[in-house]
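Structure, as C-alpha cells:
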Amino acid sequence: VGTLYVVATPIGNLQDLTPRALDVLRSVSLIAAEDTRHSARLLQHFGINTPTTACHDHNERDKSVRLVERLLAGDDLALISDAGTPLISDPGFHLVRQAREAGVRVCPVPGACALIAALSAAGLPSDRFAFEGFLPAKTQGRRQRLQALAGESRTWMVYEAPHRLLECLQDMLEVLGGERQVVLARELTKTFETIKGAPLAELVDWVAGDSDQQRGECVLVVEGAPVRDDAEALDPAVERTLEVLLEELP
Ligand code: SAM
C-alpha cells in the first residue's frame, strides 16, 4: 500500500517550499493538485516533472475513489493545493478521509499556512485560538456569524478576500465595537507584506483611506473578548439553578 503525502506549498515566497516537500513531490507517482495549471508554475520552477491530476472542490469525492485505488495498488501520491496547507480552507478533506478509512498511511509534510503565519506575527495571545475560515460573503450572514463570535475569549482568525475586506471590517466595527484590537496580515511572505494592528475604529479608517490595503490576500486576527468573572457572566437563572444544585451536594 502506498502513502498519501499532504504537502504544504508556499503562500507567496517560493523559498518556503521545504527540502522535504521537494523530495516528496519529486518521488511520488502522481500529484493531486487543486488547480494543475496553477501548480505547474511551482513545479516548473523547481524542475519537478511528476505528473499531476486535478482534485478540487467539484470533483474531489469521485476523484478520491480512484486515487485511493492507486494508493491501495501501491503508488505513493502527494496532495497539494494552490497555496499553503491543503485542507485549510482548501480541498483535500474527502481524499484524506477516504484514504484513512481504506487503511492508507496519510503523512503530513508541513510548511506554510497563512493563518499560522499571521498568528505568529500578530502579537495577540496565541496560547489558545480559533480559526473561522471565511466568513459568509453577504453582510447579513456575516454579521450573524460575527455576533456569535463577539463573546469568544480566544484570539480568532478569519480569511478574507481583498474585495470584501473593507465591508468585513465595517461589519466587525458595527458588531464588536471600535476598541477591539484587530491585526490585518496582508500579502504575507510577499514583497508588499503588511502587518498592521490597531483598534477596529482606527483600522477601518486606515484601510478605507488607502486603496492599496484593499488588494492582495489577507488574514484578520481578532483579539478575544475580555473574560468576565463568573458572577458577571452567568445568567441569574443559571446561577440560581447552580446554587440549588450545590446545596444538594454532599
Ligand atoms: N490553504 C491555505 C493556507 O494554508 O493558508 C489557505 C487557502 S484559502 C483558499 C486562501 C486565503 O488564505 C486567502 O483568501 C487569504 O485569506 C489567505 N492567504 C493565503 N495566502 C496569504 C498570504 N500570502 N497573505 C495573507 N493571507 C493569505
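The numbers here are math on the coordinates, done by the rules we state, and not lab data. Quick caveat, the model's predicted, so the values are computed rather than measured. Please note: Cβ atoms are built from the backbone with ideal geometry, for glycine as well, and neighbour counts cover all protein chains shown.
Summary of computed values
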item: In degrees, nearest ten, helix 60-72 long axis to first principal axis of the chain (Cα); result: 50
item: Descending semi-axes in Å of region 1-121, equivalent ellipsoid built from Cα gyration tensor; result: 22, 16, 13
item: Reach of residue 63 by Cα under 18 Å, taken over aspartates and glutamates that are not fewer than 8 positions away in the same chain; result: 34, 35, 75, 76, 82, 90, 101
item: Principal axes of region 32-102: Cα extent on each, largest first, Å; result: 34, 28, 17
item: Placed amide H near residue 84: partners under 5 Å, 5+ positions off or other chain; result: 9, 11
item: For region 53-194, radius of gyration divided by Kirkwood radius, i.e. Rg to Rh on alpha-carbons; result: 1.04
item: Computed Kirkwood radius, in angstrom, where 1/r is averaged over Cα pairs of region 106-179; result: 13.7
item: For the chain, share of DSSP beta bridges that run antiparallel, in % to the nearest 5; result: 45
item: Amide hydrogen neighbours beyond the local backbone of residue 75, cut-off 5 Å, H modeled; result: 2
item: Whole-angstrom gap from region 44-79 to region 179-250, using each part's C-alpha centre; result: 39
item: Rounded to whole Hz, the Karplus (6.51, -1.76, 1.60) HN-Hα couplings of region 32-42, x for glycine and proline; result: 8, 10, 4, 9, 5, 5, 4, 6, 4, 5, 5
item: Order of 153, 81 - criterion: other Cβ atoms within 10 Å of each residue's Cβ, fewest first; result: 153, 81
item: Dipole-positive endmost among 44, 88, 33 within the chain (Cβ charges, Cα centre); result: 44
item: MRE, 222 nm, helices only [DSSP H, n ≥ 4, -39500 (n - 2.57), over the chain, to nearest 500]; result: -11500 deg cm²/dmol
item: The chain: angle of helix 165-176 to the longest principal axis, Cα-based, in degrees nearest 10; result: 30
item: Compactness of region 161-250, expressed as Rg and Dmax over alpha-carbon positions, Å; result: 20.0, 65
item: Order of 191, 155 - criterion: other Cβ atoms within 10 Å of each residue's Cβ, fewest first; result: 191, 155
item: The chain - convex hull of the alpha-carbon atoms, volume per residue in Å³; result: 180
item: Cα-based helix-to-principal-axis angle, 236-248 vs the chain, degrees rounded to 10; result: 90
item: Kirkwood hydrodynamic radius of region 65-109, Cα pairs, Å; result: 11.0
